[in-house]
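Quick notes on the structure that follows.
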Amino acid sequence: MGTLVKAQVAASQLLNEARSLLEEGCRFQMAYLRYMGPVPEIVYLVDRGPNLEFLELTVRAETELPSLSDLVPLLSWYEREIMDLSDIIFTGNPEPFPLVLLEGMALTSLPFDPTSKEILQLFGDTTPPQLPEVLATQVQDLFWGPVRGDVLETGEFHFAYIGEEILHYTPRLFYKHRGIEQDLQQQDPESGVILAERVSGVGTICHGLAYCLAVEDALRLDVPRRAQLLRVILAEMERIYNNLHFFSMLSKTTTLKVGEAFGALLEERAKQINAQLTGHRFLRNVLAVGGLRRDLNVDILPTMLSNLQRDAIDYLDSLSATQSYLDRLIGTGTLSADVAFDFGATGPVAHGSGIKRDLRVHHPYSMYERLSLEIPVRTGGDALARSQVRGEALISAFDLIRQATELLEPGEIAAASPTSQPELADGLGWTEGPRGSCFYAVRIRNGLLERVKIKSASFSNWKVFPLTVHSSNMMDYAINEASFGLTIAGADR
Amino acid sequence: MKNWTLKGLAAGKVTTKWPASGENDGQDKVLGFPTFHPQDCRPGCRECILKCPTRAFSTKTGVNDEESVALDYGRCINCQICVASCPTAALQSSSNLTFASKSRQDLVVDEGVNSRENDELRSRVSSIFKGSLHVRHVDAGSCNGCESELQALCNPFYNLHRLGIFFTPSPRFADVLLVTGPVVPQMKGPLLRTYEAMPRPRFVIAGGTCPISGAPFDMGYSGGSGLEIHLPVDISIPGCPPTPAAFIHGLLLLTDRINQRLHGGGYEQ
């Protein structure tokens, strides 16, 4: 089974090629920088449609390349990241400002360039960001972050507002950029799992599994059936506790204190079940390239999960019978289907805006094709719609675990080691995590990782989110943000 | 319309009595830090050193020129790989998790090194905060695992407020700075500015393995090597991430309300 078809295109033909791909109904997923020897190339990953191989379109990078952001707005952040980490310039990018490396920071050399001999370091201190000029009188500027209230991830948010109305909103992420893609270079593929599991703590499985699938694709490993089904169970366990957390946060921002406590307690119970199953509250240290590190005893699950499911359903029913909660969600942060598609929304954010795309169904992996799964969809595009699809995803996770458990049979949990290693191998792995699609593209040369590209769900959804904040009001901001259910660690990497 | 007050009351009390009494610390079946007995090592064996993804093991030369292996829990992310690779019983899985320590040295299993006595005055000052402790958290590049567990401290099961410990929105009201993440280059400035904004006396906790040593993100152009080179650290709480109980243990240890369990790398049950 192949995952990729490859094509080359000349820089002068790039715009035309992109246009014709869009006309065929393809969707761009990501773009990244890779070196072939000393030559930099830009790789565009394109989804050609359900059950078809992904297209890897490469263009030899010259100092200047045409930006595709006008045609495919979701590519803008990828282009900016490449501009930050290389000498390449995308002419016509509508926001040619620093993204990953903040203003005030500088690199001693280029991270992915194999010809660079200098010691690579990031140094400096962050200075205020470049912001669009707001042409209006009486505009107030509010900078919130990078250190914010409560226990929150680092991020800085700028609001230009008059009274209650937000005229323009700019999130400044990437304070937490750890350079993980470069950390993985030259590592042995098996030990890379440890880092992949730690890209996003609450996305341990969606990242770890996408990484394993990518390496297994490159090395042509056949993962035993039992390991595949156990991986499904792990992935759906992750969906359960993340979605319970989501409803706790949504209750918090709508000032429903008891609802917040109920959600947090259910999340705690789910994490304790994770520990019972795997020895880790975030399901870490179980995945391995080729299968799992050890077998799991799933006999404990049915009783624990059916109790949790009963209480989760009761909790969701209580929330949807609470007028004050619903009132704050209806019409908040509306995202249209067109904008969601063009700017790359994924997972529940896309589902809430009527886009019926889910990698578990359209590009099934790890035996999801054997399970019956209905993608929850709403067309409202508001916070209510996003919460409703999350609620349905939560309940369907319990059902998927039951289906996978029924198919389980005793057997091997690790693939046999490959007999021969190709000199150069590319692989692609993907998962549909609780927040949406996660992609890992790997290139392995002589048994070591040469390049790993990580695309997290939140990287996509953070790009879309500001569009729902402009022209909304301050009071709804926290609710809108909670309804997107974003994390920063995975986006920043 | 749902009556949430009645629903809440009907649910009854769900908060654990731990650590005052009982064993229900919410960590059942969590695999903790490996126990390590270097005296059981096979001579010359280097399996753990080769397999550990965070370089937590190192060799030491003793008085008789004998080489032995040392383990630094400040670099350990409890991934259990060493346990699987150990050919003898020197390394074993355990359920030991509450490893918070006042001294960095206490995190090292190494025959012969004794733990350094802590500054007595500092511990007298910190015990003033026994009744009420305000914490400012800074995420200096974490994976969000530690944040998730810190948020869990405020859930009804752990209910951190019962212990008189609160998170503050501003460093100006904070007694202690709790840092997560390896301190990546872009977070160094914001971290130091937050510390500067705190009133004295002030304390610093390294929450998780990352801020203790940077592991596993102590490499590359945008990694970090932990908190110690930037700020004086009072308490180190290793773990990837530390469980909520391990965080509670560390916070109580700061104000001398609970005993340190790890001394010179050895753990008291």
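Coordinate-derived values only; no laboratory data. What you see is a predicted model; the values in this text were computed from it and never measured. Note: ideal-geometry Cβ built from the backbone for every residue, glycine included; neighbour counts use all protein chains shown.
As a rough footprinting exposure proxy, the listed residues B:198, A:475 were ranked by other beta carbons within 10 Å of their own, and the order from fewest upward is A:475, B:198.
Please order B:55, A:239 by the number of other Cβ within 10 Å, starting at the fewest. Don't skip to the end; give the middle numbers.
Numbers: B:55 14, A:239 25.
Least to most surrounded, the residues fall as B:55, A:239.
In terms of the Cα gyration tensor, with a ≥ b ≥ c the square roots of its eigenvalues, is segment A:385-487 rounded because a/c is under 1.5, prolate because a/b exceeds b/c, or oblate? It is oblate, given that a/c is not under 1.5 and a/b is not larger than b/c.
D for segment A:83-128, whole µm²/s, Stokes-Einstein with Kirkwood Rh over alpha-carbon pairs at 10 °C and 1.306 mPa s: what number?
Numbers: Rh = 11.9 Å.
Estimated diffusion coefficient is 134 µm²/s.
Once the Cβ-Cβ distance of residue B:46 and residue A:41 is raised to the sixth power relative to R0 = 51 Å, the FRET efficiency obtained is 0.80. Relative to the 2.2 N^0.38 Å rule of thumb, segment A:156-202 has a C-alpha radius of gyration ratio of 1.89.
Would you calculate the separation in nanometres between label points at residue A:115 and residue B:161, each defined as 7 Å from the Cα along the Cα-to-beta-carbon direction? Placing both labels 7 Å along Cα→Cβ, they lie 6.2 nm apart. In this rough spin-label picture, where each label sits 7 Å from Cα along the Cβ direction, the residue A:310-residue A:295 distance is 3.1 nm. Dividing the summed helix terms, -39500 (n - 2.57) for each DSSP H run of n ≥ 4, by the number of residues in chain A produces a 222 nm estimate of -12000 deg cm²/dmol to the nearest 500. Projecting the Cα atoms of A:449, A:42, A:73 onto the charge dipole of chain A, computed from C-beta unit charges around the Cα centre, puts A:449 farthest toward the positive end. Membrane-span-like helices in chain B, defined here as complete DSSP H runs extending at least 27 Å along the helix axis by their C-alpha atoms with mean Kyte-Doolittle hydropathy no lower than 0.5, are absent; this is a sequence and geometry rule, not a statement about a membrane. Spin-label model, residue A:5/residue A:136: points 7 Å from Cα along the beta carbon direction are separated by 4.8 nm. Given the options B:69, B:176, B:30, state which has the largest fluctuation in a GNM of chain B using a 10 Å cut-off (strictly under) for Cα springs. Between B:69, B:176, B:30, it is B:30 that shows the largest mean-square fluctuation.
Mind giving me the FRET efficiency for residue B:128 and residue B:65? R0 is 56 Å, r the Cβ-Cβ distance, nearest 0.05 is fine. Working shown, then result.
Numbers: r = 49 Å, r/R0 = 0.87.
The formula returns an efficiency of 0.70 here.
Filter the GluC sites (Glu not before Pro) in segment A:401-493 down to the DSSP loop ones having no more than 16 other Cβ atoms within 10 Å, then list what survives. Intermediate values should be presented prior to the final figure.
Numbers: sites: A:406, A:412, A:423, A:432, A:450, A:481; in loops: A:412, A:423.
Loop-located and lightly packed - A:412, A:423.
For the protein assembly as shown, a crude dipole built from +1 on the beta carbon of Lys and Arg and -1 on the beta carbon of Asp and Glu, taken about the Cα centre, is about 1520 debye to the nearest 20. Here is how the number arises for chain B: DSSP H runs of 4 or more residues each give -39500 (n - 2.57), the sum is divided by the residue count, and the result at 222 nm is -6000 deg cm²/dmol. Cysteines in chain B lacking any other cysteine Cβ under 4.7 Å from their own Cβ: B:41, B:45, B:52, B:76, B:79, B:86, B:143, B:146, B:154, B:210, B:240. Cα-based values for the protein assembly as shown, radius of gyration first and Dmax second, are 25.2, 79 Å. Which shape class, rounded, prolate or oblate, goes with segment A:265-363 when its Cα gyration tensor gives a ≥ b ≥ c as root eigenvalues, a/c under 1.5 marks rounded, and past that a/b bigger than b/c marks prolate? Oblate, since a/c reaches 1.5 and b/c is not below a/b.
Shape verdict for segment A:218-308, please, from the Cα gyration tensor: rounded (a/c under 1.5), prolate (a/b greater than b/c) or oblate. Each step should come with its number before you reach the end.
Working: a/c = 3.16, a/b = 2.13, b/c = 1.48.
Note, shape of segment A:218-308 comes out prolate.
Compare the Cα positions of B:260, A:384, A:465 along the charge dipole of the protein assembly as shown (+1 at Cβ of Lys, Arg; -1 at Cβ of Asp, Glu; about the Cα centre) and return the one farthest towards the positive end. The residue sitting farthest along the positive end of the dipole is B:260.
Rounding to the nearest 20 debye, state how big the charge dipole of segment A:279-351 is about its Cα centre with +1 on each Lys and Arg Cβ and -1 on each Asp and Glu Cβ.
Numbers: 6 positive and 8 negative charges, 91 e Å.
In total the dipole reaches around 440 debye.
What separates the Cα centres of segment B:168-246 and segment A:31-86 is a distance of 36 Å. Each of B:9, A:329, B:174 was scored by the projection of its Cα onto the charge dipole of the protein assembly as shown, and the greatest displacement toward the positive side belongs to B:9; charges sit on the C-beta of Lys, Arg, Asp and Glu. Antiparallel as a % of all DSSP beta bridges within the protein assembly as shown, to the nearest 5? Of those bridges, close to 70 percent are antiparallel.
How much of the DSSP beta bridge set in segment A:29-136 is antiparallel, as a percent to the nearest 5?
Details: 16 of 19 bridges.
Given both bridge residues lie in segment A:29-136, the antiparallel proportion sits at roughly 85 percent.
Counting Lys and Arg as +1 and Asp and Glu as -1, each charge on the Cβ, what is the dipole of segment A:49-121 about the Cα centre in debye, to the nearest 20? Don't jump to the answer; show the numbers that get you there.
Working: 3 positive and 13 negative charges, 20 e Å.
Computed charge dipole of segment A:49-121: roughly 100 debye.
If R0 is taken as 60 Å, the Cβ-Cβ distance between residue A:89 and residue B:23 corresponds to a FRET efficiency of 0.45.
Could you compute the net charge surrounding residue B:95? Neighbours are other residues with a C-beta less than 9 Å from the C-beta of residue B:95; K and R count +1, D and E count -1.
Working: positive: B:29; negative: B:28.
Residues near residue B:95 contribute 0 overall.
Subtracting the Cα-Cα distance of residue A:15 and residue A:162 from 0.36 nm times their residue separation leaves 48.9 nm of extension gain.
What per residue convex hull volume, in Å³, comes out for chain B when only alpha-carbon positions are used?
Values: hull volume 41.8 nm³, N = 269.
Residue-normalised Cα hull volume stands at 155 Å³.
What helices does chain A hold that run 15 Å or longer along their axis, going by alpha-carbon atoms, with a Kyte-Doolittle average of 1.6 or more, using DSSP H for the helix calls? The partial results should precede the final answer.
Numbers: long enough: A:204-219 (22 Å, 1.12); A:225-253 (42 Å, -0.03); A:257-278 (31 Å, -0.21); A:301-320 (27 Å, -0.04); A:383-407 (36 Å, 0.26); A:474-484 (16 Å, 0.19).
Correct list, ordered by number: empty.
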